[in-house]
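> Structure incoming, see below.
The values are calculated or read from the model by the stated rules, or taken from the named source; none is laboratory data. Predicted model only: the values in this text are computed from it and were never measured. We place every Cβ from the backbone using ideal geometry, glycine too, and count neighbours over all the protein chains shown. All accessible areas refer to the heavy atoms of the entire protein, side chains included, with ligands and DNA or RNA removed. Shrake-Rupley method; radii C 1.70, N 1.55, O 1.52, S 1.80 Å.
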Amino acid sequence: MSEAEGWAAIRRHSRSFSLAARLLPAAAREDAVVLYAWCRRADDAIDRARGEAPADALLRLRRELEQSGGEPLLVAFRRVLRERQIPLRYPLELLDGMEMDVHGVDYRSLDQLLEYCYRVASTVGLMMCHVMGVSHPAALRPAAHLGIAMQLTNICRDVSEDWGNGRLYLPADVLQRHGLSWLRLRAGPFPAAAIEPARGARRELLELADRYYRSSDAGLAYLSPRCALAVEVSRRVYSAIGRRIERQGYDVSRGRAIVPRAEKLLACAAAALHQARSWLRSFGEPFQPATLEASSHGPELLHL
């Protein structure tokens, strides 16, 4: 995989990540592109499988991680795992999360949804800790919480789209609290009778996402200035999606919430100003990157 191909995949699927990734130091940026491209490849292998059952695609993806050779992207990704000393369990746990999608898990509780968020999003943040040269284990919980916050934001943004794809991530206990215990997946558009009560469910999950975003902010102190800027930009742009949903009245029928370019640029400016102030406060205390030696397991990182 060439770097140009990696950037093309990022721009095609996540402009927010593309914006943040360009702010990373060169070495971290190159490995982040490989990491994102592998995640995208895994997702596409399952969601867009041609002539291969999703379960078979999952098995193949797991086996590929422990094999040698293969296409350039696989070789590059295994190199990043090896050189950055990324625990193999992180990409394997990400695939466990994708398996939940394959089997169509019926989310009965918020805790079950948080486990899914950890698997498909926090694992990426934990791998990025290694890519960015984080050395302190205390950075892991904020990284995991940022992933959870972002995934909760995705879930709230994509309720209607996911419904059309035969998936419902709003957990049963949250639905019950908002008078939607009757809601079940079926063909067709999101039920009109569910639009009004779904506002409360989306609001609850976005308020929880905000708590995870705030918890994740503690991790910025463990990053180099360039990496902290990139992460904060990503955090601000993503949390702005929640603000757009809020301005839409949490209405599922209003379509996908998109953050305008001008608002993204404002988020960049706010992040740069905040990081400049942080840098001035810590002037004279140089950042010393090292290899992350300790890694906690998912369940210990899930909750606030």
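> Count the net charge of all other residues whose Cβ sits under 14 Å from the Cβ of Phe190, scoring Lys and Arg as +1 and Asp and Glu as -1.
+3
> Suppose R0 equals 30 Å; then what is the FRET efficiency for Arg184 and Ser253 from their Cβ-Cβ distance, rounded to the nearest 0.05?
Working: r = 19 Å, r/R0 = 0.63.
E(calc), rounded to 0.05, equals 0.95.
> Averaging sequence separations of C-alpha pairs under 8 Å and six or more residues apart, then dividing by the length of the chain, give the relative contact order as a whole percent. Intermediate values should be presented prior to the final figure.
Working: 375 pairs, mean separation 64.3, N = 304.
21 percent.
> When Lys and Arg each count +1 and Asp and Glu each count -1, what net charge do the other residues less than 13 Å away from Glu83, Cβ to Cβ, add up to?
+2
> Per the helix-only calculation at 222 nm, which mean residue ellipticity applies to the chain, given -39500 (n - 2.57) for every DSSP H run of n ≥ 4 and division by its residues, nearest 500 deg cm²/dmol? Write out the running numbers ahead of the final one.
Details: 14 runs with 194 residues, N = 304.
Only helices count here, giving -20500 deg cm²/dmol.
> Here is a follow-up. Stretched out fully, how many nm does the piece from Asp217 to Gln85 gain, at 0.36 nm a residue minus the Cα gap? Present the calculation step by step, with values, prior to reporting the outcome.
Numbers: separation 132, 0.36 × 132 = 47.52 nm, distance 2.44 nm.
So the extension gain works out to 45.1 nm.
> Would you mind working out the accessible area per residue for segment 215-268, using a 1.4 Å probe, and quoting it in Å²?
Numbers: 2530 Å² over 54 residues.
Counting only protein heavy atoms, the per-residue value for segment 215-268 is 47 Å².
> Hey, any idea what Rg/Rh is for segment 95-157, computing Rh the Kirkwood way over Cα pairs? Write out the running numbers ahead of the final one.
Details: Rg = 12.5 Å, Rh = 12.2 Å.
Rounded to two decimals, Rg over Rh is 1.02.
> Most mobile of Arg186, Arg256, Arg202 per a Gaussian network model of the chain (Cα springs, under 10 Å)?
Arg186
> Beyond 18 Å, what percent of the Cα pairs of segment 164-242 remain? Please report the intermediate quantities before stating the final value.
Working: 1702 of 3081 pairs.
So the portion of pairs separated by more than 18 Å is 55 percent.
> Here's another thing I want to ask about it. Could you state the orientation-averaged shadow area of the convex hull built on the Cα atoms of segment 76-180, in nm² to one decimal? Kindly include the intermediate steps, with their values, before the conclusion.
Numbers: hull surface 30.3 nm².
Mean projected area for segment 76-180: 7.6 nm², to one decimal.
> Could you go through segment 249-262 in sequence order and give the Karplus-derived ³J(HN,Hα) for each residue, using 6.51 cos²θ - 1.76 cosθ + 1.60 with θ = phi - 60°, rounded to whole Hz, and x for Gly and Pro?
x, 6, 8, 4, 6, 7, x, 5, 6, 10, 7, x, 4, 4
> Sum up the charges of everything whose Cβ sits under 9 Å from the Cβ of Ile46, counting Lys and Arg as +1 and Asp and Glu as -1, but leave Ile46 out.
Values: positive: Arg48; negative: Asp43, Asp44, Asp47, Glu99, Asp101.
Counting the neighbours of Ile46, the net charge comes to -4.
> In whole angstrom, note down how far apart the Cα centers of segment 79-117 and segment 197-235 are.
19
> Over all directions, the average projected area of the alpha-carbon convex hull for the chain comes to how many nm²? The partial results should precede the final answer.
Numbers: hull surface 62.5 nm².
Averaged projected hull area, Cα only: 15.6 nm².
> Here's something else I'd like to know. Quantify, in whole percent, the carbon and sulfur part of the accessible surface of segment 111-158 (1.4 Å probe; protein heavy atoms only). It would help to have the intermediate numbers written out before the result.
Numbers: 520 of 1060 Å².
So the carbon and sulfur contribution to the accessible surface is 49 percent.
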